[in-house]
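Any read-out appearing in this document is the output of simple, stated calculations on the displayed coordinates, not a laboratory observation. This one's a predicted model, so the numbers in the text were calculated from it and none came from an experiment. Cβ sites come from the backbone with ideal geometry, for glycine too, and all protein chains shown count toward neighbours.
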Amino acid sequence: MSTEPSRVAPPAERATPPAGRRYLVYLAGPEVFLPEAVRIGEMKKEICARHGFEGGFPLDDAPGEDAVRRLGRALAIFEVCVRMMERCDLVIANMTPFRGVSMDVGTAVEIGFMHARGKPVFGYTNRTAGYEARVEEMFGDTGLIVEPYRFADNLMCEGPIRMSGGSVVRQDVPEARLMTDLAAFEECVEQAAGVMLGPQPAGATPP
């Protein structure tokens with residue numbers, strides 16, 4: 001396992017959570033499309049709790065029937081996700097390549113949404129190869145310029161993470177566990193805790 005070495009900007013300005021609750025983390029990623037999505041979401045929330053956060057998984061809230069009638073099911077789901085992101089204080093995004101050379105496009109939108117609202121963004125991927133290398137492997141030389149920055153994905157996806165004081169956690173896992181292995185996720189949660197909560201004394205219980 002490795003964390004992409006980088007020169008990062010100072011941590012983004014962030015609000016202290018209201019007294020009596022933990023930071024709320026929006027758990028963005030394509031796990032929502034897995035048959036075992038709910039189980040994976042619960043496991044992610046348990047990891048968050050161990051490190052002093054409260055996790056929010058997109059499937060925690062279902063669209064109401066009024067919203068479905070008013071907007072249609074697709075936009076009602078969109079509305080639920082937007083409201084959850086607005087409640088959350090930060091996002092941890094699964095940037096593992098999904099259905100192509102790059103990360104899940106919906107997750108990329110959620111990264112941009114949270115960054116635009118001044119909320120810290122952290123990310124991880126279960127592939128160590130950088131974006132440039134993956135493009136070359138999948139498409140070869142097409143004559144088009146590819147970003148030469150050795151980032152995990154497009155700079156508009158990685159930029160918010162670096163501007164939040166983090167770096168994309170990278171790990172390689174077997175193909176069968178590509179979307180279910182949570183070791184890199186937990187390392188990313190630890191990174192976010194270090195930025196958001198500061199160093200914790202050995203043996204201390206997370207706040």
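Assuming a ≥ b ≥ c are the square roots of the Cα gyration tensor eigenvalues, decide whether the range 86-207 counts as rounded (a/c under 1.5), prolate (otherwise, with a/b larger than b/c) or oblate.
Details: a/c = 2.18, a/b = 1.60, b/c = 1.37.
Judged from the Cα gyration tensor, the range 86-207 comes out prolate (a/c at least 1.5, a/b above b/c).
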- Message: On the Cα set of the range 16-129, report Rg and Dmax in Å, please.
- Response: 14.3, 45
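For residue 106, what is the net charge nearby, where nearby means another residue's Cβ is under 15 Å from its Cβ and Lys, Arg count +1, Asp, Glu -1? Mind showing how you got there, number by number?
Numbers: positive: 99; negative: 31, 79, 104, 110, 153.
Cβ neighbours under 15 Å give a net charge of -4.
In a shell of Cβ-Cβ distance under 12 Å around residue 156, excluding residue 156 itself, what net charge do Lys and Arg (+1) and Asp and Glu (-1) give?
Details: positive: 162; negative: 147, 153, 158.
Net charge around residue 156: -2.
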- Query: Any idea how far apart residue 176 and residue 133 come out in nm if each label point goes 7 Å out from Cα toward Cβ?
  - Reply: 2.4
- Message: Explain nothing, just the number: dipole magnitude of the chain about its Cα centre with +1 on each Lys and Arg Cβ and -1 on each Asp and Glu Cβ, in debye rounded to the nearest 20.
- Response: 560
- Message: Less than 9 Å Cβ to Cβ from residue 41, Lys/Arg counted +1 and Asp/Glu -1: what total charge do the surrounding residues give?
- Response: 0
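Take the eigenvalues of the Cα gyration tensor for the chain, scale each by 5, and report the square roots as semi-axes in whole Å, largest first. Kindly include the intermediate steps, with their values, before the conclusion.
Numbers: eigenvalues 134, 104, 56 Å².
Rounded to whole Å, the semi-axes are 26, 23, 17.
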- For n ≥ 4 DSSP H runs only, could you compute -39500 (n - 2.57) per run for the chain, divide by its residues and tell me the 222 nm figure to the nearest 500? -12000 deg cm²/dmol
- Distance in nm between residue 46 and residue 141 label points, each 7 Å along Cα→Cβ, equals 5.1
